[in-house]
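What follows is a set of notes on a single structure, which appears directly below.
The values are calculated or read from the model by the stated rules, or taken from the named source; none is laboratory data. The structure presented is a predicted model; accordingly, all values stated were derived computationally and were not measured. Positions of Cβ are generated from backbone atoms using ideal geometry, with glycine treated the same way; all protein chains shown enter the neighbour counts.
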């Protein structure tokens, strides 16, 4: 297979890029710089998107890897500011950086001018996407203004789960976490299983993570510039309230997100930058 990079415009107005090389195939939407598919050759898709997704302009896509930037969750002081920041519904500029038979590299970027609700700063978000036998995302934030600002963010990765009762996360045992549902804090249990709604921020040391998906494969997540991980599954009741999400979708996905959240938020001084890197790969579980 030769390398291909095609650009397609949907009837809804959204534009996506399809990247193919000898190692993998990926689909990336220019709205939100949003990856919705990453499939290494001979393997199942490593990302999950709800069948209920309608891909509408101006609305965040439910699944794949949404980029939460320049804040994660609700804005701490502005109720009019959108949840999870500005990036998910903005159209990013893009260019092809490099390609070989085994890997394709793209650069996407988004600029702010200081007029956005909740973010009165000039900044640039730049995402480097590298598609090959692993998927590498490097999200760099540059403070282009004269004042510092607080940065929190997440690569909100939705992973497919075949059997949620068997899904297991390795690499977080004993780490301190905040339970956003109860407001309580504790250490992450060795035998963690998803059997109820989960919405946690784990503060860790940035070690590699391993997600046993229950389909004979393990997703490995390596990070740089991240000392926090978000773990999320909406379970039964919340699933019924989510847009573009089927009632039973919670059984087939788990979000495990490289982040800078809670105490891992970064103060970015004028002229400075911070880079969050996540590498996703897959291997057999036995």
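What to note about this one:
- Filtering segment 135-173 to residues that are assigned to a loop (DSSP other than H, G, I, E, B), more than 30 Å from residue 20 (Cβ to Cβ) and touching a strand residue (DSSP E or B) at 6+ places or on another chain (Cβ under 7 Å) leaves 144, 145, 148, 152, 171, 172.
- Output for segment 250-272, where each listed residue is touching a strand residue (DSSP E or B) at 6+ places or on another chain (Cβ under 8 Å) and over 17 Å from residue 67 (Cα atoms): 250, 252, 253, 263, 267, 268, 269, 270, 271, 272
Here's the yes/no breakdown for (1) more than 17 Å from residue 264 (Cα to Cα); (2) at pLDDT 95 or above; (3) surrounded by 14 or more Cβ atoms within 10 Å (Cβ to Cβ); (4) in contact with a strand residue (DSSP E or B) (Cβ under 8 Å, 6 or more places away or on another chain):
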position: 175; (1), (2), (3), (4): no, yes, yes, yes
position: 191; (1), (2), (3), (4): yes, no, no, no
position: 196; (1), (2), (3), (4): yes, yes, no, no
position: 201; (1), (2), (3), (4): no, yes, yes, yes
position: 204; (1), (2), (3), (4): no, yes, yes, yes
position: 224; (1), (2), (3), (4): no, yes, no, yes
position: 239; (1), (2), (3), (4): yes, yes, yes, no
position: 242; (1), (2), (3), (4): yes, yes, yes, no
position: 248; (1), (2), (3), (4): yes, yes, no, no
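- Within segment 138-158, being surrounded by 22 or more Cβ atoms within 10 Å (Cβ to Cβ) and over 13 Å from residue 70 (Cβ atoms) holds for 155, 156, 157, 158.
- If the condition is being part of a loop (DSSP other than H, G, I, E, B) and at pLDDT 95 or above, then segment 177-189 contributes 180, 181, 182, 183, 184, 188.
- When 69, 92, 48 are checked against the criterion of being buried (at least 21 other Cβ atoms within 10 Å of the Cβ), more than 19 Å from residue 223 (Cα to Cα) and touching a helix residue (DSSP H, G or I) at 6+ places or on another chain (Cβ under 8 Å), 48 stands alone in meeting it.
- Only listed residue being touching a helix residue (DSSP H, G or I) at 6+ places or on another chain (Cβ under 8 Å), in contact (Cβ under 8 Å) with a residue 24 or more places away in the chain and on the phi < 0 side of the Ramachandran plot, chosen from 125, 87: 125
- Matching residues, segment 122-137, being crowded, with 20+ Cβ neighbours inside 10 Å and under 26 Å from residue 201 (Cβ atoms): 123, 125, 127, 129, 135, 137
- Failed criterion for residue 97 (all others in (1) out of contact with any helix residue (DSSP H, G or I) (no Cβ under 9 Å at 6 or more places or on another chain); (2) assigned to a strand (DSSP E or B); (3) closer than 23 Å to residue 265 by Cα hold): (3)
- Total residues in segment 60-86, condition over 17 Å from the mean Cα position of the chain (by Cα) and not in a loop (DSSP other than H, G, I, E, B): 0
- Taking segment 262-281 as the range and being within 27 Å of residue 165 (Cβ to Cβ) and crowded, with 23+ Cβ neighbours inside 10 Å as the test, the residues that pass are 278, 280.
- Selection from segment 11-42 of residues that are in a loop (DSSP other than H, G, I, E, B), over 16 Å from residue 129 (Cα atoms) and in contact with a strand residue (DSSP E or B) (Cβ under 7 Å, 6 or more places away or on another chain): 14, 41
- Any hit, segment 43-57, residues being farther than 23 Å from residue 111 by Cβ, part of a loop (DSSP other than H, G, I, E, B), at pLDDT below 95 and over 13 Å from the mean Cα position of the chain (by Cα): yes
- Cβ pairs under 8 Å, 6+ apart, first in segment 163-180 and on the phi > 0 side of the Ramachandran plot, second at pLDDT 95 or above and crowded, with 18+ Cβ neighbours inside 10 Å: 171/204; 171/209; 174/188
- Filter result for the condition that a residue is within 30 Å of residue 57 (Cα to Cα), in contact with a helix residue (DSSP H, G or I) (Cβ under 8 Å, 6 or more places away or on another chain) and free of Cβ contacts under 8 Å to residues at least 60 places away in the same chain, over 82, 160, 120: 82
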